[in-house]
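The values are calculated or read from the model by the stated rules, or taken from the named source; none is laboratory data. Given the structure is predicted, the values throughout are model-derived calculations rather than measurements. Cβ placement follows ideal geometry from the backbone for every residue including glycine, while neighbour counts extend to all protein chains displayed. Accessible surface areas use protein heavy atoms only, side chains included; no ligands, DNA or RNA. Shrake-Rupley method; radii C 1.70, N 1.55, O 1.52, S 1.80 Å.
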Amino acid sequence: MVLTDIEKSELLEIARDAVRFDEMLSNHSTMKVGGPADIFVSPLDMETLKNIMGWATDREISYMFLGAGSDTLIRDGGFKGLVIHLEKGWEEMAISHESAENIFVSAGAGVSTGALVRFAKENGLKGVEGLAGIPGSVGGNVMTNAGTSLGWISEIIEEITVVDRQRRELTMKRKALEFSYRRLKLPRSTAVVKALLKLGRDEPAAIKARMTELLEKRRATQPHGQPTLGCVFKNPQKDAGSKMSAGALIEEAGLKGVRVGRARVSEVHGNFIINEGGATAKDIEVLMGLVKERIKEKFSLVLEAEIHVVGEK
């Protein structure tokens with residue numbers, strides 16, 4: 001995408017130092033892969049966000065939102081358009097109000113999952129234990145309904161604040177939100193900017209014990225210290241009430257340790273792909289395809305990607 005000098009001047013007037021051109025998205029990915037974004041903006045406030053979204057919409061320029069980059073595989077050709085990064089300026093977190101039974105916590109889209117978990121632990125708030133050890137940020141967690149068997153973020157959502165394509169700031173109550181497995185039904189052109197979480201009370205020591213148990217289990221069963229995107233595939237449906245483990249299926253198919261280029265299926269957990277250093281997005285996509293093909297051959301099952309794949313090849 002080629003911007004005119006006038007368009008560049010408009011952007012710089014709207015976002016000032018928050019706008020960069022040809023920004024390498026590998027710098028904003030937990031997998032450390034991804035080509036350049038034509039335009040990369042980190043708006044620090046609501047007004048700038050709305051103006052940037054309006055500018056892109058009026059000029060029919062494609063845009064996408066990027067949080068911590070933990071569930072998005074950005075292809076090597078990068079993103080031809082505008083990437084809106086919600087981090088700094090969107091990290092406010094505080095107890096909003098209380099009732100007899102619950103404490104309501106307001107968390108901005110840029111709050112990291114780790115920061116949210118620590119805040120809950122320190123304040124004796126239960127309900128976020130299932131998020132312990134999950135990468136990402138609140139905005140991305142909401143969009144992907146992040147969680148574990150101990151709980152999903154959808155279970156503690158009271159309401160969310162969004163900005164839609166028309167630049168309207170809207171509050172959506174939980175009953176109006178359609179959550180499903182690893183997904184919130186919401187247009188990708190809509191920004192989740194804040195969540196109000198409905199939490200309970202408990203002794204900090206009890207909350208810490210539950211989180212510690214989960215974290216120890218994660219450390220024992222998932223790779224650490226290497227670039228990954230978290231779980232790559234959704235767990236396929238077994239029957240009406242349960243799911244099969246994608247990681248277990250991949251292990252049974254003998255795929256642990258299989259490599260394409262510098263991308264490798266983790267030998268610790270089959271549903272993780274690791275960047276061994278210098279992997280490309282193409283390496284990862286080809287490896288994902290190989291895994292899907294082998295699982296289909298062996299089990300007659302089609303694995304569905306849990307991560308989002310975006311950009312140009």
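Name the residue from ALA37, LEU82, ILE52 whose Cα lies farthest towards the positive end of the charge dipole of the range 1-92, charges +1 on Cβ of Lys and Arg and -1 on Cβ of Asp and Glu.
ALA37
At 7 Å along the Cα-to-beta-carbon direction for both TYR181 and MET244, put a label point, then send me their distance in nm to one decimal.
Distance between label points: 1.1 nm.
Pairs of Cα atoms under 8 Å, at least six residues apart: use those to get the relative contact order of the chain, whole percent.
Values: 667 pairs, mean separation 54.8, N = 313.
Over the chain, the number comes to 18 percent.
Under a 1.4 angstrom probe, counting protein chains only, how are THR113, THR221, THR144 ranked by accessible area, largest first? Mind dumping the intermediate values first?
On the way: THR113 0, THR221 60, THR144 20 Å².
Result, largest first: THR221, THR144, THR113.
On full extension of the chain, what length is gained from GLN226 through MET172, given 0.36 nm per residue of separation minus the C-alpha to C-alpha distance? Walk me through the intermediate numbers first.
Values: separation 54, 0.36 × 54 = 19.44 nm, distance 3.69 nm.
Extra length available between GLN226 and MET172 comes to 15.7 nm.
In nm, to one decimal, how far is the ASP45 label point from the GLU158 one, both placed 7 Å along Cα→Cβ?
2.6
Roughly how many Å² is the accessible area per residue of the range 175-313, as a whole number, for a 1.4 Å probe?
Numbers: 7410 Å² over 139 residues.
Accessible surface, normalised per residue, equals 53 Å².
First compute the accessible area of the range 1-100 with a 1.4 Å probe, then give the percent of it belonging to carbon and sulfur atoms.
47
Of LYS173/LYS198; LYS8/LYS80; LYS238/LYS292; LYS234/LYS296; LYS194/LYS234; LYS88/LYS198, which sit over 20 Å apart, Cα to Cα?
Numbers: LYS173/LYS198 12 Å; LYS8/LYS80 15 Å; LYS238/LYS292 17 Å; LYS234/LYS296 14 Å; LYS194/LYS234 26 Å; LYS88/LYS198 24 Å.
LYS194/LYS234; LYS88/LYS198, as the Cα separations exceed 20 Å there.
Which of the DSSP-defined H helices in the chain satisfy a minimum axial length of 24 Å, computed from C-alpha atoms, and a minimum mean Kyte-Doolittle hydropathy of -1.0? Don't jump to the answer; show the numbers that get you there.
Working: long enough: 204-221 (25 Å, -0.56); 281-299 (27 Å, -0.16).
Within the chain the helices that satisfy the rule are 204-221, 281-299.
By accessible area of protein heavy atoms, probe 1.4 Å, what ranking do ILE52, ILE95 get, highest first? Each step should come with its number before you reach the end.
Working: ILE52 0, ILE95 70 Å².
Ranking ILE52, ILE95 by accessible area, largest first, yields ILE95, ILE52.
Please sort by residue number the GluC sites (Glu not before Pro) in the range 188-280 whose DSSP state is loop and whose Cβ has at most 15 other Cβ atoms within 10 Å. Write down the numbers at each step before the final one.
On the way: sites: GLU213, GLU216, GLU251, GLU252, GLU267, GLU276; in loops: GLU267, GLU276.
Listed in order of number, the matching sites are GLU267, GLU276.
Need the C-alpha centroid separation for the range 138-192 versus the range 13-63, integer Å.
21
Using the Karplus equation 6.51 cos²θ - 1.76 cosθ + 1.60 (θ = phi - 60°), what ³J(HN,Hα) coupling, rounded to whole Hz, does each residue of the range 190-197 give in order, writing x for Gly and Pro?
9, 9, 8, 10, 7, 10, 9, 9
Give a residue-ordered list of calculated ³J(HN,Hα) values for the range 273-280 (Karplus: 6.51 cos²θ - 1.76 cosθ + 1.60, θ = phi - 60°; whole Hz; x for Gly, Pro).
10, 10, 8, 6, x, x, 5, 9
Mind listing the long-range amide H neighbours of ARG183? Cut-off is under 5 Å, sequence gap 5 or more, other chains count too, H placed in the peptide plane at 1.01 Å from N.
Counting only residues 5 or more places away or on other chains, the set is ASN145.
Compute the whole-percent fraction of alpha carbon pairs in the range 192-313 spaced more than 17 Å apart. Intermediate values should be presented prior to the final figure.
On the way: 4716 of 7381 pairs.
Counting every Cα pair in the range 192-313, those more than 17 Å apart make up 64 percent.
Please give the charge dipole size of the chain, origin at the Cα centre, charges +1 on K and R Cβ atoms and -1 on D and E Cβ atoms. Round to the nearest 20 debye.
Values: 43 positive and 43 negative charges, 182 e Å.
Using Cβ point charges on Lys, Arg, Asp and Glu, the chain gives about 880 debye.
Please identify every one of the GluC sites (Glu not before Pro) in the range 1-105 that sits in a loop by DSSP and has no more than 12 other beta carbons within 10 Å of its own beta carbon.
Sparse-neighbourhood loop GluC sites (Glu not before Pro): GLU60, GLU92, GLU101.
Which value in nm describes the separation of the simple spin-label points at ALA100 and HIS308, placed 7 Å from the Cα toward the beta carbon?
4.1
Can you give the accessible area of HIS97, probe radius 1.4 Å, in Å² rounded to 10?
80
Ignoring any ligand, DNA or RNA, what whole percent of the accessible area of the range 120-176 comes from carbon and sulfur when the probe is 1.4 angstrom? The partial results should precede the final answer.
Values: 1140 of 2510 Å².
Whole-percent figure for carbon plus sulfur exposure: 45.
Below 13 Å, Cα to Cα, which aspartates and glutamates can LYS282 reach? Residues fewer than 8 away in the same chain don't count.
Result set, ordered by chain and number: ASP76, GLU312.
At a Cα cut-off below 19 Å, give the aspartates and glutamates reachable from LYS208, other chains included and same-chain residues fewer than 8 away excluded.
Partners within reach: GLU122, GLU129, GLU216.
Would you list VAL162, VAL286, VAL258 from the most to the least accessible area, probe 1.4 Å?
Details: VAL162 0, VAL286 75, VAL258 35 Å².
In descending accessible area the options line up as VAL286, VAL258, VAL162.
HN-Hα J couplings of the range 301-311 from phi, Karplus 6.51/-1.76/1.60, θ = phi - 60°, integer Hz, Gly and Pro as x?
For the range 301-311, the Karplus curve yields 10, 10, 6, 10, 5, 8, 7, 9, 10, 9, x Hz.
Quick check for me: using +1 on Lys/Arg Cβ and -1 on Asp/Glu Cβ, what's the dipole size of the range 235-294 about its Cα centre, in debye to the nearest 20? Provide the component values of the computation, followed by the final result.
Values: 9 positive and 8 negative charges, 15 e Å.
Around 80 debye, computed over the range 235-294.
When the Cα centres of the range 289-313 and the range 96-128 are compared, how far apart do they sit, in Å?
Centre-to-centre (Cα) distance: 35 Å.
Using the Kirkwood radius over Cα pairs, work out the Stokes-Einstein diffusion coefficient for the chain at 20 °C and 1.002 mPa s, in µm²/s as a whole number.
Values: Rh = 20.5 Å.
The Stokes-Einstein estimate is 104 µm²/s.
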